[in-house]
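Notes to accompany the following structure.
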Amino acid sequence: MRTKAIASAAIMTAVALSLSACGSSADSASGNQAAAAAAIDKCTPAESSIKMTYAPQGTPAVEHAKKVMEQKFPGLKIDAVASQSSNYSDLTKQIVADSAVGKRPDLIMTGLGQLRFWTDTFNPAPIDPATLPEGYQKQFLAAGKAGDQSYLAPFQISTPVMLVNKKLLAEAGITDPASIKDFGQLVEAAKKVTEKTGKPSVNIASDDLPDWFSQALVQSSGEKFVADDGSFGFDTAKGREAMDLISTLAKEKLALNVKMDDGEAQFVAGNLAFQMATTSRIARVVKNAPADLDWTPIDLPGLNGPEGALPAGGNGWVVISEDPCKAAFSQAMITEMLTKDASLLSSGKDYSYIPVNRLATDELLKGDNIAPQMRYAWTYDKPLTAWGGFAGAQTAPIIDTLRTMLQQMGTGKSADDAVPAAAKTINALLGK
Amino acid sequence: MASITLENISKRFGHVTALDGVNLDIRHAESLAILGPSGSGKSSLLRIIAGLEAPDTGRVLLDGKDQKDVPPHQRDISIVFQNFALYPHLTSMGNITLGLRHGLGLSRKDAEQRARETAARMRVEDLLDRRPKAMSGGQRQRIALARALARHAGVVLLDEPMSGLDAQLHISLRAEIHQLISQEGATGVTVTHDQQDAMSMADRIAVMDSGRIVQLGTPDELYDAPASAFVAGFIGGPPMNLVPAEALDAGKLGTVFGRLQAPAGLGAAESGTVMGVRPEDVHLGRPGRSDAWTAAGNVILVEPNGPLRTVHVDLGGTVVLLSCRSEDRPVLNSTVELWLLPERVHVFTGPGRLRAGFAAQLGLAAAALEGAV
Amino acid sequence: MIRLYKPLGLVLGAVAVILSLFPFYWMLRTAVAPADGNALTGLSLIPAELDLSNFARAWDHANLGSAMLNGITVTLGILLLQLLTCIPAAYALARFRFRGAGVLLGLVLACLLIPSQATLIPTFVGLNLLGLGDTRIGLVLPFVTSAIGIFMLRQQMLSIPDAIMEAARTDGLGPLRTLVSVVVPMSAPSIAAFSMLSIFTHWNDYLWPLLVARSPEIMTPPLTLAIFQNADTGFDYPALSAAAAIVTAPVIILFLLAQRHFVRGMAGPEVAG
C-alpha cells in the first residue's frame, strides 16, 4: 500500500498542478502560500475554527487532543474529518482535491514519504520545535525536515528492522543474534542456516518499498542516499559494496526474494531466519506468531556495522493553513497530539509505532505481559532521517528505477553494474 | 368501396428518378399486381400509396379523396411488409393488436376479440401466443397477413409477400392469400418481381420499367399481346424468344429463320426490330404448311419440365427455346429442324421495341427459301 | 487429429474456468480463515474450520450495511439516469435524419476518446461550484449520461430493420410510442449488456467517490474496504476478504440472474412443438 502511495506521488503532482491552475483562475488571491503561524495569544479562539484531515489510524489521538484543545481554547471549533481510507495516497488526493475547490484544510496528516510533495507544492508553515510538548523525542524531527527547516511533526513512525528467528540460528550454532552487525556477518550466518535447513534464509523484499529499503541499507552502511546537490548519492565504492549484499545473497542462494507479506508469513511459520521488516509490523508478528516461536528484532546491519541514521516511515502532521491564527491553533493542536497521553493512544498496545513521546514509552514499559519484541519498537530512540529526499516531481519513475535495481541484483547481477545504471537513470530524471 | 387513383405520380431520390408520371386506376375489390425488376420503382409506388413516402408531384386518391398529409395509419390501407416485419418481441396476438389499439384506437379487449376472429378465419388461432422466432416462414407469413387483415382496411398492400418462402409453400400460399383478400372484399395491391406470382394472384397486372407503367392488363392480355419486347421478355416461363432482325437492302430482313420480305412502307424494315415467339409456338420437325418459317440447329440443352420439355437449340449463335411434349426426346448435340407459323410471331419495332403486331398480320413472309439453311 | 480437438478444448476450457474462478475462491477461503491466527501462514486450499466471525467484524467495522445501501442507491440512480438519457439519444441518432446528426455522433465518439481521468478534476471543481461536494447527488451527477452507452445502443437500434419501423408507423405508433413499444424491447440485449457494464463500473468505482465523499453517511462499498488496509501495520486480510465477499456478492448474484434471463430471452419461452 505504501508503495502505491509513493508511486502515485507523480500522478498527484500532476493533479496538483492542474488543480492549482484551476484554483488560481477561480480564486487567484489564495494561491498555495501557507501562512506562518501568528502568536497564539493574539488570536481569539471563538472567532476561529480549524479544519483538519487525517487517516483513521490517527483517530484516538485526534479525538483526545480535540477535547483538550476545546477546554484550553473555549469557543474554538475543530472540524476534524477522518478519511475512510488509511492509504496515504488516497488521503493526499482528497486534500489536493479539497484545496482545489476552496476547502483547503489547515492541518493535515501525511505519509512521511510524501513530505517533499507538500513542501514542493503547498509551502507549508514551518514547525516551531519550541512548541512541542514535554517528552517529545526531538531527534525524530529530522524525519520531517526539508533542507534545514522542519515542516512535519512525526506522529506515528517506524523504521526498517531485521527480524531474526533465534531458534533457526541456534540450530546453526549462532547463539547471539545481536552480534550480527555487518553484512559479512549476516551473509555468514545466513549460509550456516541455509546449510542446515536447505532453504533460503533471508528475505529483503524488493517489490513493496524499494526506495525505503534501499535507502535504509545505504544509510545503515554510512553512505548518503541523496547527495548534497540533490543527485544520486550512493554510486560510490562504499555504496556499491553495500548494495552488493542483495547480489551476494542471491548468488549464494540465500535469498527468498518474495514480497514483505509473504516473507512475514514464512517467518511466522518458522521457516525463515531473517526477515527485513519495519518496526510498525512487530505488533502484528507478535500477535500472529505461535507462542513457541523464538524471535527477536535486531538493528538493521550495515556494511561495516550500523553506522548511520535510518529513514523514518509512518506519518506526521503538516500545517498548510492560509490564515496566521488558524496556523497558530493548528500548531497548538499538533502539540496536543504529541503529548504522552496522545502518544499512548497513537502508538501503544495495538500498534507498534515508535512512540514519539518518551513519557509514553516509559508508561508503556510499565505494563504487564509485554512481549519483549514490542519493547524494541517502543524504546527505539535513535535518530531518524527523512524518507527519500529526491525532488518531488519525478518520484514515481525514481522508485521504479530503484525497484529495477534491486530486482536485477536479486537475480545475481553485480552491484557494480546495477548501481551505476540506476544512478545514470535517476540523475537523468532529475536533470543532474 | 375502396378504389385507388394515382395521378401523375413522380418521385426522385437525389439524381435517381424512381417514379416518372405514373397514372393508375385500381378498381374496388380487384387484385392488382405491380410487376417489375428491382429498381423499376414498384416498391416506391407501394410506399407512396401507403403514405410512407410522399410523392414529389401528383396525387393519391382513395375513393376519390386526396390522401395528401394523411398519415399511414389513418388511410384505409393495411400493409404486409417484405420479410413480414413482425415485432420479434411480441406474440402473434401482440403483433396483431398493437396497430388495432394504437392506430385504430380499439380497447385491448376489442382488439384481442378482433385478432381472434381474424385468426379463426385464417385458421391460425394456435399461433396466437407464439413469438415470431417460434414459427416457420409460412406461419409468420400468415400472421403478417392476419395483422394486415385485422385492420379491416379497404386496401391491402403486399410488398413481395412470397420472398423468403420455399417453393412448395410459395404456390399454396399465394393462392391462399389471394383467396383471403378477396373474401374480405378488400382491394389487393401486390408488388412482386415474380411474373408467375403476379399472373396467378392478380386480376390485372401493371408492368413497370424505369419508373413508368409500360403495360396494364389482365394476365391473358399481357401474355397474348405484350406491349413491348420488355413485357414480352418478362411475362411467361420459359420466356419468349426474342431474336433480332437485321435490315438488308430492298426491304428485306435477315433473321435466324432466313430472309423475310417486308411489305413496302412497314417500319419493320428498320434496324432494331425484334421478332418474338413463345417457346410453345416453336415446333420440332418439318412444317405442314408452306408459309411456315423454318430453321435447323444444334440441341445444346434439354430441360425436363413435367409434361413438357424445354429444348435449347443453337441456331448459329442465337439460342432459341422451344417446348415440346415429353414424349419427344431430342438428342443432345444432334441437329434438329424446327418451324413456326408467322401468325404466332410478334414483331417489336422502334426505339421502345413496341409491339407492331403478328408477323402474318404485317405481311412478313419468308422471302427466299434458299436463305433458310 | 480432429478427434483430439474436443477433449483438448474441454481441458483448456476447464483450465480457463479454474484460473478465473480461483481468485474468487481464494477470497472466500481467506474470509473464513481464523481471525486471531495469521491469515498469511500456510493457508490450506481447503479450510479445516470455518471462522465466520470475520463477516460480522467486517460488517460492523466498515459499516457495510449503510455503505451497501448507498452503493445500491448511487449505482441504480446512475443507471436509471443513464438509461433515461442514452436511450432517447441513441434512438435519435440511429433512426432520425436531421441537420447536425453527423456532428452530434462525432461528438459522442470524441467523448469516447477522452480518458475519464482527464476530466476528473474539472468535473470535481465544477461540482463543488454547484455546492454538491460530499453529497449523493455529487456521486451520481457526472455519470448521468454515457457516451459508450449512447454508442452501444445506437448500433443496436441501427440494426432494427426499416420495415419494422414502417410497420410501427402504419400501426399508428408515434415516435415516443415506437421507442417504448418497439425500439426498447428490440434493443433489450444491448440495454441489458450496457446496464451490466454500468452497474459493475459504478458499484466498483473508487476514485470518484474517494474525491467526492467525505461523510461516513455517503460512503460507497469500495471506499469502506480501504479501512482494512494499512501498509504501516499490515492488512487485516480475513476481514478484508470477508468485506470484499459481501461487497461483490450482489454483483455476482445479479450477473448470474441476468445470465439466466439472457438465455431465456434468446431461446424464447415457447418451443415450437
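Here are a few things to note about the model shown:
- Per the listing C:Ala110, C:Ala118, C:Ala101, C:Ala92, the residue uniquely of a type outside the set (Ser, Thr, Tyr), closer than 29 Å to A:Ala100 by Cα and away from chain A (no Cβ under 14 Å) is C:Ala110.
- Single residue of B:Gln141, B:Gln183 found to be farther than 18 Å from B:Ala50 by Cβ, surrounded by fewer than 19 Cβ atoms within 10 Å (Cβ to Cβ) and either within 14 Å of another protein chain (Cβ to nearest Cβ) or modelled with pLDDT under 90 (or both): B:Gln183
- Output for segment A:153-168, where each listed residue is over 12 Å from the mean Cα position of the chain (by Cα) and not β-branched (Val, Ile, Thr): A:Ala153, A:Met162, A:Leu163, A:Asn165, A:Lys166, A:Lys167, A:Leu168
- Among the residues of segment A:345-363, some residue qualifies, meaning at least one is under 17 Å from the mean Cα position of the chain (by Cα) and in a helix (DSSP H, G or I).
- Residues that are closer than 18 Å to A:Val81 by Cα, facing chain A (nearest Cβ under 9 Å), of a type in the set (Ser, Thr, Tyr) and buried (at least 16 other Cβ atoms within 10 Å of the Cβ) within segment C:213-262 comprise just one, C:Thr224.
- Counted residues, segment B:14-40 - those being assigned to a strand (DSSP E or B) and at positive phi: 1
- The one condition in (1) in a loop (DSSP other than H, G, I, E, B); (2) more than 12 Å from chain C (Cβ to nearest Cβ); (3) in contact with a helix residue (DSSP H, G or I) (Cβ under 8 Å, 6 or more places away or on another chain) that B:Leu52 fails to fulfil: (2)
- Unique residue being surrounded by fewer than 21 Cβ atoms within 10 Å (Cβ to Cβ) and at pLDDT 75 or above when the list is A:Gln33, A:Gln94, A:Gln71: A:Gln71
- All positions within segment C:140-167 that are within 14 Å of chain B (Cβ to nearest Cβ) and either at pLDDT 95 or above or in a loop (DSSP other than H, G, I, E, B) (or both): C:Ser159, C:Ile160, C:Pro161
- Which numbered condition C:Val184 misses (of (1) over 18 Å from the mean Cα position of the chain (by Cα); (2) more than 9 Å from chain A (Cβ to nearest Cβ); (3) modelled with pLDDT of 90 or more; (4) under 19 Å from A:Gln84 (Cα atoms)): (4)
- A:Tyr380 vs. criteria part of a loop (DSSP other than H, G, I, E, B) and either away from chain C (no Cβ under 14 Å) or out of contact with any Cys (no Cβ under 6 Å at 6 or more places or on another chain) (or both): yes
- For C:Met27, the requirement of being under 30 Å from A:Ala289 (Cα atoms) and in contact (Cβ under 8 Å) with a residue 40 or more places away in the chain is met.
- Boolean, A:Gly308 is assigned to a loop (DSSP other than H, G, I, E, B), surrounded by fewer than 21 Cβ atoms within 10 Å (Cβ to Cβ) and either away from chain C (no Cβ under 14 Å) or in contact with a Ser or Thr (Cβ under 6 Å, 6 or more places away or on another chain) (or both): yes
- Taken over segment B:91-118, the residue count meeting the criterion of being closer than 19 Å to B:Lys133 by Cβ and free of Cβ contacts under 8 Å to residues at least 12 places away in the same chain is 2.
- All positions within segment A:96-124 that are more than 14 Å from chain C (Cβ to nearest Cβ) and within 19 Å of A:Ala80 (Cα to Cα): A:Asp106, A:Leu107, A:Pro124
- Of note, A:Ser150 does not satisfy the criterion of being surrounded by fewer than 19 Cβ atoms within 10 Å (Cβ to Cβ) and more than 12 Å from chain C (Cβ to nearest Cβ).
- Here B:Gly99 meets each of (1) modelled with pLDDT under 95; (2) closer than 16 Å to B:Arg142 by Cβ; (3) assigned to a helix (DSSP H, G or I) with one exception, condition (2).
- On the stretch given as segment C:118-139, residues that are over 20 Å from C:Leu80 (Cβ atoms) and either outside any helix (DSSP H, G or I) or in contact (Cβ under 8 Å) with a residue 24 or more places away in the chain (or both) total 6.
The values are calculated or read from the model by the stated rules, or taken from the named source; none is laboratory data. All values derive from a computational prediction rather than experimental measurement. Glycine gets a Cβ as well: all are built from the backbone with ideal geometry, and neighbour counts include every protein chain shown.
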